[in-house]
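Right, one structure below, let's go through it.
The values are calculated or read from the model by the stated rules, or taken from the named source; none is laboratory data. Since this is a predicted model, take the numbers as computed values, not measurements. Here the Cβ is made from the backbone with ideal geometry for all residues, glycine too, and neighbour counts use every protein chain on show. In case anyone asks, the SASA skips ligands and DNA or RNA and just uses the protein heavy atoms, side chains included. Shrake-Rupley method; radii C 1.70, N 1.55, O 1.52, S 1.80 Å.
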Amino acid sequence: MTILRARGVVKSYGPTPALRGVTIDVAEGEILAVTGPSGCGKSTLLHCLAGILRPDAGEVSYGEHRLDTWSERMRAKLRRTEFGVLFQFGQLVAELTAAENVALPLLLAGTGRREARTAAVQWLDRLGVADLADTRPGEMSGGQQQRCATARALVTEPRVLFADEPTGALDSRTSEQLLGELVRVVRDQRTTVVLITHDATVAGYADREVPLRDGVLDPSGLGLTAISGRH
Ligand code: ADP
Ligand code: ADP
């Protein structure tokens with residue numbers, strides 16, 4: 001079943017379009033990697049699929065919902081309840097402990113403090129960093145920070161996780177450890193993942209890789225690199 005759908009998506013910031021008509025279906029439960037060199041439009045595509053940016057032309061759907069026709073207010077609400085996002089630099093709040101950072105999305109959604117704390121510690125445990133619950137980001141390694149950021153992205157149990165170069169700031173060993181954990185957890189939760197990367201090793205963790213070049217999907221690569229079940 002298709003969970004996310006883009007049809008002819010065009011998006012420009014200035015005179016040159018960053019996306020020039022992208023059509024793609026993301027199946028529920030799949031881990032999709034969007035790959036390509038810096039500047040080819042990967043982040044822009046992710047932002048359009050996640051309802052962060054509204055396309056200039058074309059359609060973006062989440063299930064039966066036409067996100068491109070929705071107001072920012074409605075898209076923001078949908079993002080809070082259905083989507084999780086993970087960026088290259090975890091963007092943890094420096095003043096808060098790991099558990100407080102991970103609890104934040106639940107508190108914003110109205111969950112009580114004690115319940116949010118319990119869930120946060122459980123998610124830190126799933127990512128192998130429960131011992132850091134009361135530690136602040138400044139005292140953690142980059143890999144530990146990204147594990148906390150991953151816990152924060154998943155604590156609301158989103159149906160889709162959008163990850164933009166999630167291991168881009170990590171060395172290859174730490175990167176592969178985090179990806180291994182991430183894949184295990186999202187398989188367990190049946191979370192759909194849209195993963196952006198310019199790194200072939202990272203893309204190897206996905207079920208399917210979609211190459212983007214200068215704002216269009218590379219037709220020669222489309223669908224031919226399906227490697228379901230590799231991990
Ligand atoms: P990628 O994620 O593949 O590096 P992006 O989607 O970030 O690509 O960028 C695609 C193109 O759009 C690039 O030429 C980039 O400079 C441009 N771009 C991205 N974001 C903005 C922005 N906020 N304002 C102007 N240009 C942008
Ligand atoms: P990435 O390759 O991961 O997208 P970038 O360094 O291209 O990272 O972009 C980082 C941020 O800067 C993004 O929010 C993007 O929208 C913005 N950006 C990228 N290119 C431009 C640009 N030419 N003008 C303004 N903002 C830009």
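Annotations
- Restricting attention to segment 51-61, the residues that are within 13 Å of ligand 2 (Cβ to nearest atom) and either within 22 Å of Ala27 (Cβ to Cβ) or part of a helix (DSSP H, G or I) (or both) add up to 1.
- Among the conditions (1) over 27 Å from Ala169 (Cβ atoms); (2) open to solvent by 10 Å² or more (accessible area, probe 1.4 Å); (3) free of Cβ contacts under 8 Å to residues at least 40 places away in the same chain; (4) among the small types (Gly, Ala, Ser), Ala116 misses just one, which is (2).
- Checking Ala133 against (1) over 12 Å from the mean Cα position of the chain (by Cα); (2) closer than 24 Å to Leu46 by Cα, the condition it does not meet: (2)
- Here Asp25 clears all of (1) without any contact (Cβ under 8 Å) to a residue 24 or more places away in the chain; (2) more than 17 Å from the chain's Cα centre (by Cα) except the condition numbered (2).
- Those residues of segment 58-69 which are away from ligand 1 (no atom under 16 Å from the Cβ) and either open to solvent by 20 Å² or more (accessible area, probe 1.4 Å) or on the phi > 0 side of the Ramachandran plot (or both), in sequence order: Glu59, Gly63, Glu64, His65, Arg66, Asp68, Thr69
- Scan of segment 191-203 for residues that are more than 16 Å from ligand 1 (Cβ to nearest atom) and at pLDDT below 95, ordered by number: Thr201
- Complete set of residues in segment 1-22 that are within 12 Å of ligand 2 (Cβ to nearest atom), over 26 Å from Thr201 (Cβ atoms) and touching a residue at least 40 places away in the same chain (Cβ under 8 Å): Lys11, Ser12
- Selection within segment 163-193 - open to solvent by less than 10 Å² (accessible area, probe 1.4 Å), touching a Lys or Arg at 6+ places or on another chain (Cβ under 8 Å) and either part of a helix (DSSP H, G or I) or acidic (Asp, Glu) (or both): Leu178, Val185
- If the condition is being open to solvent by 40 Å² or more (accessible area, probe 1.4 Å) and either farther than 12 Å from Ser175 by Cα or free of Cβ contacts under 8 Å to residues at least 12 places away in the same chain (or both), then segment 129-144 contributes Asp131, Asp134, Arg136, Gly138, Glu139, Ser141.
- The combined condition, being touching a helix residue (DSSP H, G or I) at 6+ places or on another chain (Cβ under 7 Å) and more than 8 Å from ligand 1 (Cβ to nearest atom), is fulfilled by Ala6.
- On the stretch given as segment 3-38, residues that are open to solvent by 50 Å² or more (accessible area, probe 1.4 Å), assigned to a loop (DSSP other than H, G, I, E, B) and either among the aliphatic types (A, V, I, L, M) or at pLDDT 95 or above (or both) total 2.
- Every pair of residues 6+ apart whose Cβ atoms lie under 7 Å, when the first sits in segment 54-70 and is β-branched (Val, Ile, Thr) while the second is open to solvent by 40 Å² or more (accessible area, probe 1.4 Å) and not in a loop (DSSP other than H, G, I, E, B): none
- The one condition in (1) within 16 Å of ligand 2 (Cβ to nearest atom); (2) assigned to a strand (DSSP E or B); (3) among the aliphatic types (A, V, I, L, M); (4) crowded, with 23+ Cβ neighbours inside 10 Å that Leu45 fails to fulfil: (2)
- Residue satisfying condition, being surrounded by fewer than 19 Cβ atoms within 10 Å (Cβ to Cβ), more than 16 Å from ligand 2 (Cβ to nearest atom) and under 30 Å from Leu124 (Cβ atoms), within set Glu72, Glu82: Glu82
- Only one of the numbered conditions (1) within 16 Å of ligand 2 (Cβ to nearest atom); (2) modelled with pLDDT under 95 is not met by Ala163, and that is (2).
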